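The values are calculated or read from the model by the stated rules, or taken from the named source; none is laboratory data. These numbers come from a predicted model, not from an experiment. When we count neighbours, we look across all protein chains shown, and the Cβ atoms used for this are built from the backbone with ideal geometry, even at glycine.
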Amino acid sequence: MLQSKGNLTQWEFLALNSELNIADGHARQALSPGQTKIVDELPLLFAEGERRPVEQIEQEAHEAYFTLLGQHSYPAEHGRVMSCYSSSVAMEILSRALAAEVETVALVHPTFDNIADLLRGNGLRLLPVAEDPLHGEDLPRELLASVGCVFVTTPNNPTGRVLGEDRLRRLAEQCAEHDIILALDTSFRGFDPRAHYDHYAVLDASGCRWAVIEDTGKLWPTLDLKAGLLVGSEHLGLPVEKIYSDILLGVSPLILALIRRFAEDAASGGLAELHEFIAGNRAVVRAALADLPGVDFPDPDSRTSVERVRFSGRTGTEVWEALQEHNVFALPCRQFHWADPAEGDRMLRIALARSREPLTESVRLLAAVLESR
Ligand code: EGV
């Protein structure tokens, strides 16, 4: 029996050199014609990065990204949006800052395991909050009284579940009442228009202390040239600026200029095209697997660039093993369930931000594996 890997990213490493890598959530589809044109002009962006003050390019990149995704009330004034090399770097900074003031965090369950690992790695205690209660009625007062922060991934990874506007408002009000921090990871928001209402307006109106992590890395196939953005409320009361400065000075103006151009391209039609492309890939996956006995899709409403497949009779790790013999690498779901891995035992996550042909071939082989038993 194959040993389970230490974390999800270690499973993703195994896939990196395969042409049939459907494991990680990074964008690996081919560039669109509009994006190809931007890449053809990379030397111009480099020259711009040399010539212009980085603060201007950074402001333009932030404005293009936040307005593309409906986040009009993001704090545009100097220093409020901290650009990081990746959203995980932003997460490490936020975790370290939280640990200075807070003991316990209520964290959505399931979610990508490095969120739990970075919080725990900084000494924070975690309480799991399942998606149904999180999206349902008010959270119990005893829960809120026992934590210093509520952390929600929305849209969630891997389920795609989105915190709606009314639900976010109520959650933020509850956090304000208890004087605890509301933290959001919105890395997958670009894929789902239901996550494009103005979160910053809702958060600010609630009066709670909040922090948001955004990510340009999931949307566009930029070879991991990307940024994570860490945004904090006024009076957040955490040493995020100090810890940011411990870790980095800033993100390359070349990358910031690239983000600005990709966001502009997305605003002029590219985002709608991307949504259609991902929906098409999701349809390919579902069509290839739908008729197999015991197979279903636990996230029928998801619009993010990942799709879970559930099956009976075998574990995700067993299916992973059979699949990798065909050089196909998916992601077993156990470790998304960071407080109870057995809950994720019978599922694989499939990445949809891939070109159509290798994805189709990968799920053809997955269907064959699931059929042969
Ligand atoms: C996903 C990779 C990190 C992460 C992938 C991801 N792992 N950052 N330690 O970026 O869903 O596959 O979020």
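Some notes on this structure:
- Unique residue being assigned to a helix (DSSP H, G or I), more than 16 Å from the ligand (Cβ to nearest atom) and not β-branched (Val, Ile, Thr) when the list is 118, 126, 134: 134
- Residue check: residue 360 meets all listed conditions (1) among the β-branched types (Val, Ile, Thr); (2) under 16 Å from residue 281 (Cα atoms); (3) touching a strand residue (DSSP E or B) at 6+ places or on another chain (Cβ under 8 Å) but one, namely (3).
- If the condition is being within 30 Å of residue 350 (Cβ to Cβ), surrounded by 16 or more Cβ atoms within 10 Å (Cβ to Cβ) and charged (D, E, K, R), then the stretch 13-60 contributes 24, 28.
- Check on residue 112, among the aromatic types (Phe, Trp, Tyr) and away from the ligand (no atom under 15 Å from the Cβ): no
- The stretch 214-259, residues that are under 20 Å from the mean Cα position of the chain (by Cα) and either aromatic (Phe, Trp, Tyr) or at pLDDT below 95 (or both): 220
- Residue among 245, 252 that is farther than 17 Å from residue 80 by Cα and surrounded by fewer than 21 Cβ atoms within 10 Å (Cβ to Cβ): 252
- Under the condition of being among the hydrophobic types (A, V, I, L, M, F, W, C) and part of a helix (DSSP H, G or I), the residues counted in the stretch 172-189 number 3.
- All positions within the stretch 340-373 that are within 16 Å of the ligand (Cβ to nearest atom) and either part of a loop (DSSP other than H, G, I, E, B) or at pLDDT below 95 (or both): 352, 353, 354
- Taken over the stretch 58-90, the residue count meeting the criterion of being assigned to a helix (DSSP H, G or I), among the β-branched types (Val, Ile, Thr) and away from the ligand (no atom under 16 Å from the Cβ) is 1.
- Within the stretch 153-169, being within 13 Å of residue 195 (Cα to Cα) and either within 16 Å of the ligand (Cβ to nearest atom) or not in a helix (DSSP H, G or I) (or both) holds for 153, 154, 155, 156, 160, 161, 162, 163, 164.
- The residue pairs whose first member lies in the stretch 266-281 and is closer than 23 Å to residue 360 by Cα, whose second member is surrounded by fewer than 18 Cβ atoms within 10 Å (Cβ to Cβ), and whose beta carbons are closer than 6 Å, counting only pairs six or more residues apart or on different chains, are 270/34.
- Filtered residue count, the stretch 259-297, keeping only those that are in a loop (DSSP other than H, G, I, E, B) and either touching a strand residue (DSSP E or B) at 6+ places or on another chain (Cβ under 8 Å) or among the basic types (Lys, Arg) (or both): 2
- Counted as qualifying within the stretch 1-57 are the helices (runs of 4 or more DSSP H) with 2 or more residues that are within 16 Å of the ligand (Cβ to nearest atom), closer than 26 Å to residue 305 by Cβ and not β-branched (Val, Ile, Thr), namely 8-15.
- Scope the stretch 170-193; condition away from the ligand (no atom under 16 Å from the Cβ), within 24 Å of residue 65 (Cα to Cα) and buried (at least 16 other Cβ atoms within 10 Å of the Cβ); matching residues: 172, 182, 183
- Filter pass, residue 167 being in contact with a Ser or Thr (Cβ under 9 Å, 6 or more places away or on another chain) and of a type in the set (D, E, K, R): no
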